[in-house]
1. Answer yes or no: is there a residue in segment 142-151 that is free of Cβ contacts under 8 Å to residues at least 24 places away in the same chain, under 12 Å from the mean Cα position of the chain (by Cα) and under 28 Å from Lys67 (Cα atoms).
2. Could you say which residue among Val81, Val70 is in contact with a Lys or Arg (Cβ under 9 Å, 6 or more places away or on another chain) and open to solvent by less than 30 Å² (accessible area, probe 1.4 Å)?
3. List every residue pair whose Cβ atoms lie under 6 Å apart, where the two residues are 6 or more positions apart in sequence or sit on different chains, the first residue falls within segment 64-80 and is modelled with pLDDT of 90 or more, and the second residue, located anywhere, is among the aliphatic types (A, V, I, L, M) and in a loop (DSSP other than H, G, I, E, B).
4. Restricted to segment 104-145, and to residues that are open to solvent by less than 50 Å² (accessible area, probe 1.4 Å) and in contact with a His (Cβ under 8 Å, 6 or more places away or on another chain), which residue is farthest from Ile89 (Cα to Cα)?
5. Just to be sure, is Val96 modelled with pLDDT of 85 or more, outside any helix (DSSP H, G or I) and either open to solvent by 80 Å² or more (accessible area, probe 1.4 Å) or on the phi < 0 side of the Ramachandran plot (or both)?
6. Quick one: would you say Leu51 is closer than 22 Å to Gln159 by Cβ, open to solvent by 40 Å² or more (accessible area, probe 1.4 Å) and in contact with a strand residue (DSSP E or B) (Cβ under 8 Å, 6 or more places away or on another chain)?
7. Every residue in segment 99-124 that is closer than 22 Å to Lys161 by Cα, of a type outside the set (A, V, I, L, M, F, W, C) and not in a strand (DSSP E or B), please.
8. Look through segment 15-48, keep the residues that are open to solvent by 100 Å² or more (accessible area, probe 1.4 Å) and of a type outside the set (Lys, Arg), and return whichever of them is nearest to Gln159 (Cα to Cα).
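The values are calculated or read from the model by the stated rules, or taken from the named source; none is laboratory data. Nothing here was measured: the structure is a model prediction, and the numbers come from that model. Note: ideal-geometry Cβ built from the backbone for every residue, glycine included; neighbour counts use all protein chains shown. With ligands, DNA and RNA removed, areas are computed over all heavy atoms of the protein, side chains included. Shrake-Rupley method; radii C 1.70, N 1.55, O 1.52, S 1.80 Å.
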Amino acid sequence: MKYIKLLIFSAVILLLTITGVTLLLPSHVRVSRAVNLYAGNDSVLNQVSDLAKWKNWYPGFDTLELKDAVVENGRVIRASVKNIQLQVINTTDSLVTVQMKKGTQPVRNSWKLIRYAHSDSLTLQNYMEFDFKWYPWERFSGLLLDGSYGRIMEQGLRQLKEQMHK
């Protein structure tokens, strides 16, 4: 009986310690990648803001079909792919934000076009923002996002750059 109490007490202390440590991890994580483009490529945000055009450059979308598409001003602004719901929630001349939702936690995927005054190039920054609850497994998973999503973002930016140079 004495060993069982010690085992239970040790397990509770271990769980509280793990929870305490993970509370020190951020609840908001941003994964970001960027690519330089030529100054004449302002139409790059048109490729991003129309979900129907994602099949031309977004990794994995070339073989998928958009379902339940909502068209506004000639652009698909809301659709679902597999079990992921996509919605364009912000469009300006330098920023497009798409909310991607699978389950309960939405992820904001944004593309920001940065112009330089005395340069012939632009920078397109793609960043994904994740918000986590206090659960230890959610906070810990935030440490792994850069490795898993970073490569996909780099590939998408590379393919978008190639698409713009055609």
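1. yes
2. Val81
3. Within 6 Å, the pairs are Ala79/Leu66.
4. Top of the filtered list is Phe132.
5. Yes; evaluated as a whole, the condition is true for this residue.
6. no
7. Matches in segment 99-124: Tyr116, His118, Ser119, Asp120.
8. Tyr38
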